[in-house]
Every structure is written in C-alpha cells, then in structure tokens.
Amino acid sequence: MKKIITILMLILSTLSFAAKKLYVGTNAEFKPYEYLENNKMVGFDIELMELLGKELGYEIKWQDMSFDGLLPALQMKKIDAVIAGMSATPEREKAVSFSIPYVFFEGGHDVIVNDKSSFKKKEDLKGKTIGVQLGSIQEQFAKDNDSIPKLYNNFTEALLDLQNQKIDAVIIAEVSGKEYLKTMKGIKKIDTIKDKLPNASIAFRKTDAKLAKKFSDTILKLKNSPEYAKLVKKYFPEHYDNFIASLKKNK
C-alpha cells in the first residue's frame, strides 16, 4: 500500500511540474519581434520565449496587450513576465527585475519622414516633432536628438499621422520600419540610429528576481545553440552572418 501511495505521489508531482504555467505579456505589433500572422502570434520573441519555457519546464500562456500596459499588468500580477523587445532602462529597473539582454547582435532604428519633406538626416529634426510608441526606447532617442517626442499607443498610429503630415518624423526599429516602408505610401527613410548593444530583456516582478536569474542563465545557455542561430537567421537575416562571426570570435 505504501508503495502504491509513493508511486501516486511521484506521478502527481511529475504532472504538477509538467503543468507549470507562466503567463507572459507581449504587444504583438512589433514585427519581427512579435506580431500576428493568420491570427496567430509569431516572431523572434515568441519563439525564443517558448524555447526558454521548454528548457525551464514552463508552459507559456500568452497575453497580447498594449505596450504601455505591460508593466502595470506585471506589477498587478495579471501576468508573470513580459517579453516585447523591451529595453531595460534605468527608469524601468526601479519598478521591475530584468533578465540579461537576449539580443546578441547590433540593432538599428530607422528615422522615417514624409516623402514630401526636405529633411535629409536626423540632425535636421532638432526641435521637430517625432512620433514614437509610448514607453519605447525610441522616445529616448528622440530626446537625445533634441527633438520633441509625441507618444502613440502603437507605431501604426504614428506612421499614419506622418503620412498626413501631422508630425515631422517617426523613429522605429529598423526591422519593423522596413516592413512598414514596404506597405505604406508617402513615407521614406532618411537616417539610421545605431544601437551597438540592444538592451531588449524579459521583465519580471521585483519579488521574482530569482526567476529572472534562471531565465538569464538559460538565455546564456541558448545563445550558442543551433536553435538560437536559426531564430536569428529566420527573423533577422541581415544580422545572421555578423552574429555567427561574433560567436566564432568569442570562442
């Protein structure tokens, strides 16, 4: 009888571990990090988080919401983590814990203007109004350029205003900007802001610092894996060769 009870307890504990759920928030409007395709969330962040969850024994349950609502939802315990191409800024680090950055290749941010404008480079936009997503790193880039950031819930709204000449420019991650430039008329790219060390990280509550550490350790483990390299090649093909070269250099 004792053996049967012991076996049952082992089975239950195994099932409990297998059923461990992690509720993760994202904003599926930021291609190629996270976006909707045939009503399904896909993207670099989505696949990476699924890989991390598999390594750590979590079933990832996704919640799609506005970018500026992600950290409040995390703090209110509506979700357990956030992955959304979100940079670990000093301001955010006061409120939440972050994993180490999970992007190991150089990034860039497009400066896009209306194609009727006379702006030639980002310096021409000093004192001008630049549309950025609320809470995004691009807001800081606009301030660093001595421009006036105008905040939007998403980049689509900002670019529509740019089409209609209601603002002077938009700063957006280059991979996302490239997608918009393919489909939206009346806008053009004039400059790029380089980001040598993209700081996109996974956010957790302050009380879950140990969980953030677990994810950080697993990110480092996956960095050198074929699975991570495949994701870079799939979603950031323009950075793949440099990424592989940097791995070989650091071995």
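The values are calculated or read from the model by the stated rules, or taken from the named source; none is laboratory data. If you're wondering where the values come from, they're calculated on a predicted model, not measured in any experiment. Every residue, glycine as well, gets a Cβ built from its backbone with ideal geometry; the counts of neighbours run over all protein chains shown. Side chains included, ligands, DNA and RNA excluded: accessible areas come from the protein's heavy atoms. Shrake-Rupley method; radii C 1.70, N 1.55, O 1.52, S 1.80 Å.
Numbers below:
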{"quantity": "Within region 101-134, tally of residues that are over 14 Å from residue 173 (Cβ atoms) and open to solvent by 20 Å² or more (accessible area, probe 1.4 Å)", "calculated": "17"}
{"quantity": "In region 135-150, the residues that are in a loop (DSSP other than H, G, I, E, B) and surrounded by fewer than 17 Cβ atoms within 10 Å (Cβ to Cβ)", "calculated": "146"}
{"quantity": "Residue in region 216-224 that is at positive phi and open to solvent by 30 Å² or more (accessible area, probe 1.4 Å) present", "calculated": "no"}
{"quantity": "Residue that is farthest from residue 163 (Cα to Cα) [pool: residues in region 175-187 that are open to solvent by 60 Å² or more (accessible area, probe 1.4 Å) and of a type outside the set (Val, Ile, Thr)]", "calculated": "178"}
{"quantity": "Test: residue in region 4-22 that is farther than 30 Å from residue 153 by Cβ, at pLDDT below 50 and open to solvent by less than 70 Å² (accessible area, probe 1.4 Å)", "calculated": "yes"}
{"quantity": "Residues (in a loop (DSSP other than H, G, I, E, B) and either under 13 Å from the mean Cα position of the chain (by Cα) or buried (at least 19 other Cβ atoms within 10 Å of the Cβ) (or both)) located in region 67-88", "calculated": "79, 80, 83, 84, 85, 86, 88"}
{"quantity": "Cβ pairs under 7 Å, 6+ apart, first in region 137-157 and without any contact (Cβ under 8 Å) to a residue 40 or more places away in the chain, second open to solvent by 80 Å² or more (accessible area, probe 1.4 Å) and in a helix (DSSP H, G or I)", "calculated": "149/143"}
{"quantity": "Residue satisfying all of: in region 23-66; acidic (Asp, Glu) and part of a strand (DSSP E or B); surrounded by the most Cβ atoms within 10 Å (Cβ to Cβ) among these", "calculated": "34"}
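For (1) more than 17 Å from residue 190 (Cα to Cα); (2) of a type in the set (Val, Ile, Thr); (3) at pLDDT below 95; (4) touching a Ser or Thr at 6+ places or on another chain (Cβ under 8 Å), each residue gets a yes or a no:
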{"residue": "128", "(1), (2), (3), (4)": "no, no, no, yes"}
{"residue": "141", "(1), (2), (3), (4)": "no, no, yes, no"}
{"residue": "154", "(1), (2), (3), (4)": "yes, no, yes, yes"}
{"residue": "162", "(1), (2), (3), (4)": "no, no, no, no"}
{"residue": "167", "(1), (2), (3), (4)": "no, yes, no, yes"}
{"residue": "170", "(1), (2), (3), (4)": "no, yes, no, no"}
